[in-house]
Amino acid sequence: MKSRNDPAMQRYREEYHRCCGDLVRQFRIEKGWSLEDFSRETGISASWLRRFEENKLTTNYSMRLQMQMVQALCFGVMEIHQFYKHVDEMTEASVGRPPWLIDNEKEGTS
């Protein structure tokens, strides 16, 4: 398996976060919410949410913050699964299959 510092892994991770931010922005706009509205709903600062949507965060963030955003957008358990599935599909369409799956496929054929 590739290390976290492998360029393909880094590229995939960056694109995944970009797609996640794009999808959150899309759903926020569909709800008619400004960043300030979304901030009130999530309890997360509007400036942090803006950086998240624009993929400009310089530090890692917790899954808890991501779940706060997704839940505020009124997703239930099944819809949350669909949200992340859609992020995966967007990422794969942009950069291809996840590097760890490609490695596993290669190992299975050797």
Qualifying residue in segment 87-98 (condition: over 20 Å from R11 (Cβ atoms) and free of Cβ contacts under 8 Å to residues at least 12 places away in the same chain):
no
Any chance Q71 is open to solvent by 30 Å² or more (accessible area, probe 1.4 Å), in a helix (DSSP H, G or I) and either in contact with a helix residue (DSSP H, G or I) (Cβ under 8 Å, 6 or more places away or on another chain) or of a type in the set (D, E) (or both):
yes
Restrict the check to segment 64-76 and report whether at least one residue is under 27 Å from D6 (Cβ atoms) and at pLDDT 90 or above.
no
Can you work out which of the residues in segment 19-43 that are modelled with pLDDT of 95 or more and aliphatic (A, V, I, L, M) is nearest to T91 (Cα to Cα)?
I29
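Is it fair to say R40 is within 14 Å of the chain's Cα centre (by Cα) and open to solvent by 60 Å² or more (accessible area, probe 1.4 Å)? Talk me through it step by step, then tell me what you get.
Working: within 14 Å of the chain's Cα centre (by Cα): no; open to solvent by 60 Å² or more (accessible area, probe 1.4 Å): yes.
The answer is no for R40.
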Kindly indicate whether any position in segment 4-22 is within 27 Å of G96 (Cα to Cα), touching a Ser or Thr at 6+ places or on another chain (Cβ under 9 Å) and aliphatic (A, V, I, L, M).
yes
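The values are calculated or read from the model by the stated rules, or taken from the named source; none is laboratory data. Worth saying up front: this structure is predicted, and the values here are computed from it rather than measured. Cβ sites come from the backbone with ideal geometry, for glycine too, and all protein chains shown count toward neighbours. Accessible surface is based on the protein model in full, side chains and every heavy atom, while ligands, DNA and RNA are left aside. Shrake-Rupley method; radii C 1.70, N 1.55, O 1.52, S 1.80 Å.
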